[in-house]
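So the structure is just underneath, and the comments pick up after that.
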Amino acid sequence: MAQAADALTQAWLASLAHERRMSPHTLRAYGDDAARFVAFLARHRGERVTLKTLQALRPADIRAFITERRGEGLGARGVQRAMAAVRSLFRYLEREGLAEGAAARAVRSPKLPRTLPRPLSETDAARAIEEAGEEEQPWIAARNTALVTLLYGTGLRISEALSLKRGDAPLADTLTVLGKGSKERSVPVLAAVREAVDAYAALCPFAGAKSASLFVSRRGLPMSPREAQALMQRLRGRLGLPASATPHALRHSFATHLLKNGGDLRAVQELLGHASLSTTQKYTEVEGARLLAVYEAAHPRAK
């Protein structure tokens with residue numbers, strides 16, 4: 001009996017979870033893209049999609065899938081992710097000796113426009129920390145201050161910050177973080193960060209085990225990324241910050257300000273948990289772009 005594509009994609013996703021240790025978010029996105037691809041093939045070929053269908057896949061079939069997704073309004077970044085999922089699926093099938101991956105490799109992903117990180121200025125980062133503490137309930141004020149200070153002072157991703165447990169407080173001089181791909185890294189903790197987090201932990205009215213979430217909502221539930229985004233949205237409104245001032249922008253600010261003040265590029269790469277140095281190098285271009293803008297605005301010969 002021919003193997004169904006659905007069973008093959010489930011086996012592929014299981015391999016990504018166990019061998020590659022991909023995050024649940026990435027697995028869900030890849031799974032959605034693969035499901036859309038299989039559903040498209042069923043319509044496109046007018047038959048149930050099996051291993052035999054995948055073995056007979058042509059580059060034209062994949063291009064037709066991309067054309068349909070583009071017609072549905074999917075942007076270049078979404079198409080690139082969908083293609084990454086399809087290629088990953090075929091790499092798995094090829095490794096298992098089930099199908100060739102030549103068709104998937106033959107189709108190019110769209111080029112993405114090169115974008116630079118958009119950090120806050122040092123002044124705006126300080127203003128955001130100060131304003132975060134403007135809340136009626138003291139423990140909520142302390143929580144907001146602690147979270148913003150932690151993100152800016154350590155460069156953690158929001159998911160990494162919200163994964164901290166009560167047992168992590170009071171914070172030590174270094175913090176062990178489990179980042180993307182379940183990779184551990186050690187991040188130094190500044191005194192200002194320790195003081196802010198410890199002050200919040202002392203005021204938090206909800207008791208819990210050491211394994212419970214450190215950052216909690218007003219009802220004592222684990223704080224969600226959406227709540228952190230809502231906090232930054234309120235700060236943007238109060239301080240007149242741009243729309244780019246998100247929780248992740250605090251991570252960008254951490255890296256940019258370190259490099260601006262003489263930080264070593266390799267060290268910043270380690271602190272951020274970047275697998276590639278080229279990812280970290282974007283932060284050096286931010287300062288270069290800013291200098292160029294100042295030059296063009298001020299130098300007589302630039303006009």
With the chain reduced to its Cα atoms and the Debye formula applied, log10 I(q)/I(0) at q = 0.08, 0.10 1/Å amounts to -0.49, -0.73
In nm, the gap between the two label points placed 7 Å beyond Cα toward Cβ at residue 270 and residue 210 is 2.7 nm
Among 175, 191, 233, the residue whose Cα sits farthest towards the positive end of the charge dipole of segment 165-234, when +1 is placed on the Cβ of each Lys and Arg and -1 on the Cβ of each Asp and Glu, is 233
Counting only protein heavy atoms and leaving out ligands, DNA and RNA, the solvent-accessible surface of residue 124 at a 1.4 Å probe, in Å² to the nearest 10, equals 40 Å²
Of 74, 250, 277, the most mobile residue in a GNM of the chain (C-alpha springs, cutoff 10 Å) is 74
Answer in debye to the nearest 20: the dipole magnitude of the chain about its Cα centre, from +1 Lys/Arg and -1 Asp/Glu charges placed on Cβ, is 1080 debye
Taking the alpha-carbon centre of each part, the distance from segment 76-95 to segment 163-185 in Å is 31 Å
If one compares the long axis through the Cα atoms of helix 5-15 with the longest principal axis of the Cα atoms of the chain, the angle in degrees, nearest 10, works out at 40 degrees
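Length gain on complete extension for the stretch residue 60 to residue 261, per 0.36 nm per residue less the alpha carbon to alpha carbon distance? Before the final figure, lay out each step's value.
Working: separation 201, 0.36 × 201 = 72.36 nm, distance 5.10 nm.
The span from residue 60 to residue 261 would gain 67.3 nm if fully extended.
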For residue 210, counting only lysines whose alpha-carbon sits under 26 Å away and dropping same-chain residues fewer than eight positions off, the answer is 165, 180, 183
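Using a Förster distance of 41 Å, how high is the FRET efficiency between residue 218 and residue 98, based on the Cβ-Cβ distance and rounded to 0.05?
On the way: r = 51 Å, r/R0 = 1.25.
It comes to 0.20.
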Length gained if residue 27 through residue 7 is fully extended, taking 0.36 nm per residue and subtracting the Cα-Cα distance, is 5.7 nm
Once 211, 109 are ranked on solvent-accessible area with the largest value leading and a 1.4 Å probe, the list reads 211, 109
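When only DSSP loop residues count, what trypsin sites (Lys or Arg not before Pro) in segment 219-274 have their Cβ near at most 14 other Cβ atoms within 10 Å? Spell out each step's value before the answer.
Working: sites: 219, 226, 234, 236, 238, 251, 260, 266; in loops: 219.
For trypsin sites (Lys or Arg not before Pro) across segment 219-274 that sit outside H, G, I, E and B with at most 14 neighbouring Cβ atoms in 10 Å, the list reads 219.
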Checking 55, 281, 229 against a Gaussian network model of the chain (alpha-carbon springs below 10 Å), the top fluctuating residue turns out to be 55
Of the residues 80, 123, 139, the Cα lying farthest along the dipole of segment 71-155 towards its positive end, which is defined by charges on the beta carbon of Lys, Arg, Asp and Glu, belongs to 80
Checking segment 48-99 for trypsin sites (Lys or Arg not before Pro) in a loop per DSSP with at most 15 other beta-carbon atoms within 10 Å yields 48
Once the in-chain neighbours fewer than 8 apart are removed, the lysines whose Cα is under 24 Å from residue 260 read 282
Here the residues of segment 227-252 lying in the modelled label zone of residue 192, meaning backbone nitrogen under 15 Å from a point 7 Å along Cα-to-Cβ, are 250-251
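Largest first, what is the accessible-area ranking of 166, 45 with a 1.4 Å probe? Could you put the intermediate results ahead of the total?
Numbers: 166 50, 45 80 Å².
Output order, biggest surface exposure first: 45, 166.
Contour minus end-to-end for residue 183 and residue 87, with contour as 0.36 nm per residue of separation and end-to-end as the Cα-Cα distance? Please report the intermediate quantities before stating the final value.
Values: separation 96, 0.36 × 96 = 34.56 nm, distance 2.35 nm.
Length gained between residue 183 and residue 87: 32.2 nm.
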Under 5 Å from the placed amide H of residue 3, counting only residues 5+ away or on other chains, we find 51, 52
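Counting Lys and Arg as +1 and Asp and Glu as -1, each charge on the Cβ, what is the dipole of segment 87-209 about the Cα centre in debye, to the nearest 20? Don't skip to the end; give the middle numbers.
On the way: 17 positive and 16 negative charges, 213 e Å.
Magnitude of the dipole: close to 1020 debye.
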Per the 1/(1 + (r/R0)^6) rule, R0 = 45 Å and r from the Cβ atoms of residue 130 and residue 18, FRET efficiency to 0.05 is 0.50
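Within 12 Å, Cβ to Cβ, of residue 203, how many net charges do the neighbouring residues add up to if Lys/Arg are +1 and Asp/Glu are -1? Don't skip to the answer; put the middle values down first.
Details: positive: 143; negative: 135, 198.
Here the count lands on -1.
The values are calculated or read from the model by the stated rules, or taken from the named source; none is laboratory data. Because the structure is predicted, anything quoted here is derived from the model rather than measured. FYI the Cβ positions are ideal-geometry reconstructions off the backbone, even for glycines, and counts take in every protein chain you see. Remember, those area values only see protein heavy atoms, side chains included, never the ligands or the DNA or RNA. Shrake-Rupley method; radii C 1.70, N 1.55, O 1.52, S 1.80 Å.
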